[in-house]
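Asker: Pasting a structure below so you can have a look.
The values are calculated or read from the model by the stated rules, or taken from the named source; none is laboratory data. Computed from a predicted model, the values in this text were never measured in an experiment. When we count neighbours, we look across all protein chains shown, and the Cβ atoms used for this are built from the backbone with ideal geometry, even at glycine.
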Amino acid sequence: MNDTDAYDRRFPAALAEVAKVDFYDDHYLVVDEDGDEDHCFDFEPDTDFKSAEWTAELFRSWTGNAEADGKDYLVFGQDGAGGRAMVWRTRPGRPLTDQPVVFLGSEGERGVVAGSLSDFLWVLADGYGPMEAALAHTFESTPDAPLTRIAERHATTPRRTAAEIVTEARAEFPTFEEDIAALCR
C-alpha cells in the first residue's frame, strides 16, 4: 500500500472503549467485587492512533533503516517497556477493523497478535495483552469480565480463546517476523 492519505485513520470505537479501562502502573489488574485481584498484563492503550510522522520515526529507529516508513501500521498502545501494539494494514480494500493486530517489542520482539480488531478484543477478554499474546508459546485462559463486556459489544467474530486466535493469525501471516527482520539494517 502506498497512499497514506487513502487510509482510514479514524480511531475505532472499540479501541476508544478499551482505552477507558483502568490500566495503570504498566499492568492491567482486574479487581472483582470482593476486592480480590484476578490477574495482570502489561498494556497501555492510547486514545488515538499515533501520527504517520511519529510512526515513521518509530520504524526508522526500530529497524535502523532510514527508508522504513511504517506507512502500513497504526500504533494504538504500548507495554511498559515501550513495545508497540498496532493495526497492520495488509489487506487491500478491507476496512481497518478487518486488518490484523501486531506487536513490536522494545528489544526486537515481534509477532502477530490477532487476525482482526474483533479477534484482538477476544484476546484481551481472554486475559492477554498484545505483548503477552505475540510472545506466548503456551496459553492459559484467564477471562476478564470488563474486557469481555467490551468484546461482546463490539466484536463481529465469534468468541474464541487467545490460543485459538493467535494460532490462527500466526498461520495466516507466517512470515511477519521474517518480513520485519528483513527491514532491519
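Asker: Name the single residue, out of those in the range 156-185 being of a type in the set (G, A, S) and more than 15 Å from P100 (Cβ to Cβ), that is surrounded by the fewest Cβ atoms within 10 Å (Cβ to Cβ). First the steps, then the outcome.
Answerer: Filtering the range 156-185 down to residues of a type in the set (G, A, S) leaves 162-163, 169, 171, 181-182.
From what's left, more than 15 Å from P100 (Cβ to Cβ): 163, 181-182.
Values: A163: 17, A181: 12, A182: 10.
The selected residue is A182.
Asker: Only one residue in T90, T142 is in contact with a His (Cβ under 7 Å, 6 or more places away or on another chain) and in contact (Cβ under 8 Å) with a residue 40 or more places away in the chain, so which one is that? First the steps, then the outcome.
Answerer: Values: T90 fails: in contact with a His (Cβ under 7 Å, 6 or more places away or on another chain).
Answer to the check: T142.
Asker: Output the qualifying pairs, or none if there are none: Cβ atoms under 9 angstrom, residues six or more apart or on different chains, first residue in the range 56-77 and over 20 Å from P45 (Cα atoms) and free of Cβ contacts under 8 Å to residues at least 12 places away in the same chain, second residue part of a loop (DSSP other than H, G, I, E, B) and among the hydrophobic types (A, V, I, L, M, F, W, C).
Answerer: Matching pairs, first to second residue: R60/A66; R60/A68.
Asker: Mind checking which helices (runs of 4 or more DSSP H) fall wholly inside the range 117-185 and carry at least 1 residues that are in contact with a helix residue (DSSP H, G or I) (Cβ under 8 Å, 6 or more places away or on another chain), small (G, A, S) and over 18 Å from T90 (Cα atoms)? Steps first, please.
Answerer: Details: elements: 117-125, 130-135, 145-154, 162-172, 176-183.
The helices (runs of 4 or more DSSP H) meeting that bar are 117-125, 130-135, 145-154, 162-172.
Asker: Another question, if that's okay. Using the structure shown, decide if D119 is among the charged types (D, E, K, R) and either crowded, with 18+ Cβ neighbours inside 10 Å or within 13 Å of F41 (Cα to Cα) (or both). Steps first, answer last, please.
Answerer: Values: among the charged types (D, E, K, R): yes; either crowded, with 18+ Cβ neighbours inside 10 Å or within 13 Å of F41 (Cα to Cα) (or both): yes.
So D119 fits the description; yes.
Asker: Output the residues belonging to the range 68-85 that are in a strand (DSSP E or B) and either modelled with pLDDT under 95 or not hydrophobic (A, V, I, L, M, F, W, C) (or both). First the steps, then the outcome.
Answerer: Just the residues of the range 68-85 that are in a strand (DSSP E or B), to begin with: 73-78, 84-85.
If the condition is that a residue be in a strand (DSSP E or B) and either modelled with pLDDT under 95 or not hydrophobic (A, V, I, L, M, F, W, C) (or both), then Y73, G77, Q78, R84 are the ones that fit.
Asker: Assess whether L124 counts as being within 11 Å of V113 (Cα to Cα), of a type outside the set (S, T, Y) and surrounded by fewer than 17 Cβ atoms within 10 Å (Cβ to Cβ).
Answerer: Details: within 11 Å of V113 (Cα to Cα): yes; of a type outside the set (S, T, Y): yes; surrounded by fewer than 17 Cβ atoms within 10 Å (Cβ to Cβ): no.
Judged against the criteria, L124 is not a match.
Asker: Considering only residues that are in contact with a helix residue (DSSP H, G or I) (Cβ under 8 Å, 6 or more places away or on another chain) and at pLDDT below 95, which ones fall in the range 86-96?
Answerer: L96 - this is the single residue of the range 86-96 that is in contact with a helix residue (DSSP H, G or I) (Cβ under 8 Å, 6 or more places away or on another chain) and at pLDDT below 95.
Asker: Is at least one residue of the range 86-93 part of a loop (DSSP other than H, G, I, E, B), surrounded by 13 or more Cβ atoms within 10 Å (Cβ to Cβ) and more than 14 Å from the chain's Cα centre (by Cα)?
Answerer: Step one: of the range 86-93, the residues part of a loop (DSSP other than H, G, I, E, B) are 89-93.
Filter once more, keeping what is surrounded by 13 or more Cβ atoms within 10 Å (Cβ to Cβ): 89-91.
Filter once more, so that each one left must be more than 14 Å from the chain's Cα centre (by Cα): 90-91.
So far as the range 86-93 goes, yes, one or more of its residues are part of a loop (DSSP other than H, G, I, E, B), surrounded by 13 or more Cβ atoms within 10 Å (Cβ to Cβ) and more than 14 Å from the chain's Cα centre (by Cα).
Asker: Tell me, yes or no, whether the range 59-73 has at least one residue that is small (G, A, S) and under 19 Å from F139 (Cβ atoms).
Answerer: So in the range 59-73, the residues small (G, A, S) come out as 61, 64, 66, 68, 70.
In the following step, the residues that additionally are under 19 Å from F139 (Cβ atoms) were identified as none.
The answer is no; no qualifying residue exists.
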